[in-house]
């Protein structure tokens, strides 16, 4: 039996207070998993631990069977992480930025160049490939980092609010590209505050609040367990009591 | 029906600006130790000021002497205030990007501009209010109570600097465009600061007779317009009419500048803020294999795209100009060590600038941290690119000096190696630990880099100096430092 794309077992992380507590989660290849939660729930911390940016205090995280702490380089080779704020260099052009990313993930040059061109064309950035990113709008910056995340054809995509700032067409393109990656066997873990998006694209949904996983399942399963016509109703029904009690912090 | 709240006042906006400036300075992080440090500093400065004024009293200075000395002090203060005000104006008008948002609030633009101008003036003058203020206190006790007028005079000078800076920036933006304006302002600001430093070295550059002539020329003389040149100093010494005129003129100029800038902004001044500035790469990137090459290429590009790079490099040279001139004039054997120390100091400062920018100013540290590349390699690439950039600018100077004085070549190269290693350590110390990205970096803060940098540059330049002079202490320090540097780079 092949290893899951992502496996978290008993993962906890504490800063000045607990950020994530005893998180157990498995994401299979070919699956889009939406991790939902109110502000400060621990979503970003979880994603950063998976991406190898933070080390968990307790528990294990594996990417396709590779422990991210024991062999971080091997784990990182398989994944792409897209942060909630687009991280790129203002004084580089999109093409230079993709060249840099291609080098980091050791993509063969010819392949990298072809993929970079295809991604930039598809996201409508090819005409801007030689312009420095310093003057880019939020949407253009987001497109650039999306292209960077997809450049090395990762097997696991960790996406924190990937559609922020994108226009309708670009948003559709990105969703299509994610679906293509998933069809090829990649797994996607995505956080979003736009619950309709999660409802539409996710195969399974996890809801966390105050660092704890509250619910896990397909949308149909969640609806069967909690009632409610929409994901928004289920989400608010689960998290509102915690937020009211201060769990939002 | 609810009543609309009154619009934000100038005082409200000023408080906001001051809070931003305070937090930018990072002093709030010092907590309760900050007031204690301020008290200790003020006590120390007052003791020093009383000692200085007492020693001047022994020289039996006349009022004209005091006016001449005050004139010199005010010129220095104004030059440095101008340098700071120019940079701050550029920041708050065009770099901060919050002006357009503030302007969407229901209050007159001139109120926002006045608040910004006052904040710039305060930011540029607080250091002088402390330094000159302690002197004023000592003069008031020991010489004349009128010296307390230094406080309003410093505030008025700062308002002049802020008004001039904001007006110049807006005028240049209109005439030459945003990018050219930015370059001109950076160079002008550096020249203003650099010329003050050069001026402060007059004593070591001029011959005694020339110094005496300059001192006489600084004493009040002439009538009419020429006589007005000493009004700021007279105002600072407490003369009522010059004081009222000087402070009144500063308020008038600041008000006129705010009104003029408001008009300019009303006629499309926000265009440049909203408009996308397109800067293209001169050559297309060539995709090549390997993370090492990718990291080096990226860092190298960023180093050479550092804003105001040439201006900053020249500025480092300005620091050393007076010392070099003094050494040339002396004609003694001191010239070789002075010349040898020059490229080391320049290289050290540039390496520090690049390294701090590459480490603390890295906009996407987390990206490299999420890549399948050990952090050690990222660090090494940053070091090589920044040291390479600094060496490219400083080495030609070192080679030229080495050809003239061959004995200086080895100490200069050793000095640069030490300086670059120091820059690496300072750069690492400047990285503020991030709670969301654990790079295993050592805790440190930006201002530590700002303090350590010049100190380290001077220390290593002195080591080179002593090594060139053949002093054992120079060789011993240099050898030990080279060893430590190599370890620091390779660890």
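Taking only the Cα atoms of segment A:52-158, the ratio Rg/Rh comes out at 1.02, with Rh defined as the Kirkwood radius. On a per residue basis, the convex hull of the C-alpha atoms belonging to segment B:53-94 measures out at 68 Å³. Ordered by the count of other Cβ atoms within 10 Å of each Cβ, fewest first, B:359, B:190 give B:190, B:359.
Note on segment B:106-259: Kirkwood hydrodynamic radius from all Cα pairs is 17.8 Å, rounded to one decimal. With all pairs of separate Cα atoms included, chain A yields a Kirkwood hydrodynamic radius of 18.6 Å. The label point for residue A:233 and the one for residue B:212, both projected 7 Å from the Cα toward the Cβ, are 9.9 nm apart. Provide a whole-number value for the mean count of partner chain Cβ atoms within 10 Å of the Cβ atoms in peptide A:44-51. Taking the mean over all residues of the peptide, I get 2.
Counting Cβ atoms of other protein chains within 10 Å of each Cβ in A:210-219 and taking the mean gives 0. Between residue B:305 and residue B:46, the distance separating the two model label sites (each 7 Å from Cα on the Cα→Cβ line) works out to 5.3 nm. Computed from the C-alpha gyration tensor, the three semi-axes of the ellipsoid equivalent to segment B:371-426 are 29, 11, 7 Å, from longest to shortest. Extension gain, residue B:479-residue B:245: 0.36 nm per intervening residue step, less the Cα-Cα distance, totals 78.2 nm. Each peptide among B:233-242, B:178-187, B:82-91 gets the average number of other Cβ atoms lying within 10 Å of its residues, and from highest to lowest they stand as B:82-91, B:233-242, B:178-187. The label-point distance for residue B:289 and residue A:221, in a model that sets each label 7 Å from Cα toward Cβ, rounds to 4.4 nm.
Can you give the convex hull volume of the alpha carbon atoms of segment B:329-421 per residue, in Å³?
It is 92 Å³ per residue.
Cβ crowding within 10 Å, taken as a proxy for footprinting-reagent exposure, orders A:153, A:62 from fewest neighbours to most as A:153, A:62.
Rounded, prolate or oblate: which fits segment B:102-197, taking a ≥ b ≥ c as square roots of the Cα gyration tensor eigenvalues, rounded meaning a/c under 1.5, else prolate when a/b beats b/c? Oblate. Rounded, prolate or oblate: which one fits segment A:124-249, using the alpha carbon gyration tensor with axes a ≥ b ≥ c (rounded when a/c is under 1.5, else prolate when a/b beats b/c, else oblate)? Judged from the Cα gyration tensor, segment A:124-249 comes out prolate (a/c at least 1.5, a/b above b/c).
Across peptide A:102-113, the average count of Cβ atoms from other chains found within 10 Å of a residue's Cβ is 6. Can you give me the angle between helix A:168-183 and the longest principal axis of chain A, using Cα atoms only, in degrees from 0 to 90, rounded to the nearest 10? Roughly 80 degrees between the two axes. Could you state the angle between the C-alpha long axis of helix A:109-122 and the longest principal axis of the C-alpha atoms of chain A, as a value from 0 to 90 degrees rounded to the nearest 10? Compared with the principal axis, the helix lies near 70 degrees.
Remark: the residue B:282-residue B:36 segment gains 83.2 nm on full extension, using 0.36 nm per residue and subtracting the alpha carbon distance.
Put simply, when A:180-190, A:89-99 are sorted by average Cβ atoms within 10 angstrom per residue, most first, you get A:89-99, A:180-190.
Sorted on the mean count of surrounding Cβ atoms within 10 Å across their residues, most packed first, peptides A:228-235, A:139-146 read A:139-146, A:228-235.
Would you mind getting me the FRET efficiency between residue A:111 and residue A:39? Use the beta-carbon distance for r and R0 = 41 Å, nearest 0.05.
The value I calculate is 0.55.
Axis angle, to the nearest 10 degrees, between helix A:231-244 and the longest C-alpha principal axis of chain A: 70 degrees.
Coordinate-derived values only; no laboratory data. The structure displayed is predicted, hence computed values, not measured ones. Heads up, the Cβs are rebuilt from the backbone with ideal geometry, glycines too, and the neighbour counts pull from every protein chain shown.
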